[in-house]
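Engineer: Let me begin by handing over the structure; questions about it come next.
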Ligand SMILES: Cc1cc2nc3c(=O)[nH]c(=O)nc-3n(C[C@H](O)[C@H](O)[C@H](O)COP(=O)(O)OP(=O)(O)OC[C@H]3O[C@@H](n4cnc5c(N)ncnc54)[C@H](O)[C@@H]3O)c2cc1C
Ligand code: FES
Ligand code: FES
């Protein structure tokens, strides 16, 4: 790793002013599980690393009647062990559990996964399904932006030098809901997704509503809005409908071939995992 | 880059190391003779560098040494009793053949120790899930899973 200076600010204000002062030469660090590996490989070469771990405002997972606030320093372990996440955001719980392994999850943050903005980021499809918003502070004050506007492309996000994501906010689904995240990797632990599918089903005021989001099969995570529409209001989709929905889902994605899988395989798996994810959500809602 | 001091508790004792900002906890520990912490991949994949940070198992190659300021680090050295007696978790690995070359063993033992603190009676699945980040190239894991179950028994007898 190239040499760098480490700053450990104790307040947001201090962190912002350091980041602003050094501009592109500085990078924030949460768990460091991506950042330190990228620095080792010299994919990024910051002169100043700003460790966010001592800033009290960024800690923890908080639940209120409006929804869930995941602080920038909340680890995947903290999120998946939160009772509110288990009760109200099961797709996010599944996603955190599919991430790496216990030891990495004890360091890696949910917000860091979003900020890395890699297409295979495991927590993102669930956050897309739950309509998460990203809360940011910076030299020009605070702002809030939907996750699908925040993520612009592989490793590209809508952020300027000096800005820090303070937390992500997930509104509470309006109605009884179920959810899941299905990840296809080459093995069970420590693997990036070849395809990741998050599904959420909500019994809201307009009847049953579904949300489907995909990771690792397009430059950014994507929602399959047409597929969602086709399912609207239907509590027990039959095989013909599931076929149609899985075809619509395949149209929503744009996979590439890489070392982990080819295009055809990824498309076939998008279709299959879509059906399984919907089934899982439908079953989980029946059980309750 | 100039070196800075980091003060922390290592296996129950206060220590001060001088490190560069880029020095990982893994490298700092090994440099200071704590060689149970093994340097494997240095990419967070293999788990041979596992330590407990305030009781939580982490891979020390993903932690900067300066980040442990004021915190507590436990390594396999710290599990051994003052009289040189192995900790029940270590004893279980010896008895059940959870060790072949031994390279993964300190990490396995620490993750097992942390698991059993959290969950004294883990199921087979829970054991597999907990150890998923500690790779072993020798044993094929069955001996290791047996060791974890044995360790759980030994700790229960002790309590
Ligand atoms: C062994 C291993 C296995 C892995 N397995 C998986 C896996 O299964 N699934 C998966 O999705 N990922 C995986 N990863 C990647 C990585 O662990 C995740 O992306 C992780 O969630 C990133 O979080 P972090 O806190 O470590 O981020 P960091 O490394 O600290 O930061 C990542 C990026 O985000 C920026 N950043 C972080 N926090 C903020 C903030 N609050 N505001 C602004 N910018 C910020 C940093 O500057 C950096 O560019 C793995 C990594 C390793 C080393
Ligand atoms: S050396 Fe740290 S995980 Fe391999
Ligand atoms: S005993 Fe050799 S790597 Fe596990």
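Yes or no, residue by residue, for (1) buried (at least 18 other Cβ atoms within 10 Å of the Cβ); (2) within 15 Å of ligand 2 (Cβ to nearest atom); (3) away from chain A (no Cβ under 11 Å); (4) closer than 23 Å to residue A:105 by Cβ:
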position: B:75; (1), (2), (3), (4): yes, yes, yes, yes
position: B:78; (1), (2), (3), (4): yes, no, yes, no
position: B:86; (1), (2), (3), (4): no, no, yes, no
position: B:91; (1), (2), (3), (4): no, no, yes, no
position: B:107; (1), (2), (3), (4): yes, yes, no, yes
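Engineer: Regarding region A:55-66, can at least one residue be identified that is over 30 Å from residue A:25 (Cα atoms), touching a residue at least 60 places away in the same chain (Cβ under 8 Å), in contact with a strand residue (DSSP E or B) (Cβ under 8 Å, 6 or more places away or on another chain) and surrounded by fewer than 20 Cβ atoms within 10 Å (Cβ to Cβ)?
Structural biologist: yes
Engineer: If you don't mind, there's one more thing I want to ask. Could you check region A:228-252 and list, in sequence order, the residues that are surrounded by fewer than 19 Cβ atoms within 10 Å (Cβ to Cβ) and in a loop (DSSP other than H, G, I, E, B)?
Structural biologist: The answer is A:232, A:233, A:234, A:235, A:236, A:238.
Engineer: If a residue must be modelled with pLDDT under 95, out of contact with any helix residue (DSSP H, G or I) (no Cβ under 8 Å at 6 or more places or on another chain) and in a strand (DSSP E or B), how many such residues does region A:189-206 contain?
Structural biologist: 1
Engineer: Residue by residue through region B:21-58, note down the ones that are at the interface with chain A (Cβ under 8 Å from one of its Cβ atoms) and more than 23 Å from residue B:3 (Cα to Cα).
Structural biologist: Those that are at the interface with chain A (Cβ under 8 Å from one of its Cβ atoms) and more than 23 Å from residue B:3 (Cα to Cα): B:43, B:44, B:45, B:47, B:50, B:56, B:57, B:58.
Engineer: Residues that are touching a residue at least 40 places away in the same chain (Cβ under 8 Å), surrounded by fewer than 20 Cβ atoms within 10 Å (Cβ to Cβ) and within 11 Å of another protein chain (Cβ to nearest Cβ): does region B:3-18 have at least one?
Structural biologist: yes
Engineer: Then there's this: Just the residues that are within 13 Å of ligand 1 (Cβ to nearest atom) and within 15 Å of residue A:123 (Cα to Cα), please, taken from region A:51-91.
Structural biologist: A:70, A:71, A:72, A:73, A:74, A:75, A:76, A:77, A:78, A:79, A:80
Engineer: Could you please find all residues in region A:21-79 being farther than 26 Å from residue B:70 by Cβ and assigned by TED's automatic domain parsing to the domain that holds residue A:108?
Structural biologist: A:63, A:64, A:65, A:66, A:67, A:68, A:69
Engineer: If you don't mind, another one. Would you point out the residue of region B:124-144, among those that are more than 16 Å from ligand 2 (Cβ to nearest atom) and within 16 Å of the chain's Cα centre (by Cα), that is surrounded by the most Cβ atoms within 10 Å (Cβ to Cβ)?
Structural biologist: Among residues in region B:124-144 that are more than 16 Å from ligand 2 (Cβ to nearest atom) and within 16 Å of the chain's Cα centre (by Cα), the one surrounded by the most Cβ atoms within 10 Å (Cβ to Cβ) is B:144.
Engineer: Of all residues being more than 16 Å from ligand 1 (Cβ to nearest atom) and not in a helix (DSSP H, G or I) in region B:88-113, which is nearest to residue B:39 (Cα to Cα)? Just the residue, please.
Structural biologist: The residue in question is B:103.
Engineer: While we're on this one: With respect to the numbered conditions (1) touching a residue at least 12 places away in the same chain (Cβ under 8 Å); (2) within 16 Å of ligand 2 (Cβ to nearest atom); (3) surrounded by 15 or more Cβ atoms within 10 Å (Cβ to Cβ); (4) not assigned by TED's automatic domain parsing to the domain that holds residue B:22, which one is the sole condition not fulfilled by residue B:68?
Structural biologist: (4)
Engineer: So for region A:64-76 (the condition being modelled with pLDDT of 95 or more and more than 20 Å from the chain's Cα centre (by Cα)), does at least one residue qualify?
Structural biologist: Yes, region A:64-76 contains a residue that is modelled with pLDDT of 95 or more and more than 20 Å from the chain's Cα centre (by Cα).
Engineer: Now for a different question. Name every residue in region A:152-188 that is part of a loop (DSSP other than H, G, I, E, B) and either within 16 Å of ligand 3 (Cβ to nearest atom) or away from every other protein chain (no Cβ under 14 Å) (or both), in order of residue number.
Structural biologist: A:154, A:155, A:158, A:159, A:160, A:161, A:162, A:163, A:172, A:173, A:174, A:175
The values are calculated or read from the model by the stated rules, or taken from the named source; none is laboratory data. Just so it is clear, the model here is predicted, and its values are computed rather than measured. Using ideal geometry, Cβ is built from the backbone for each residue, glycine included, and neighbour counts are taken over all protein chains shown.
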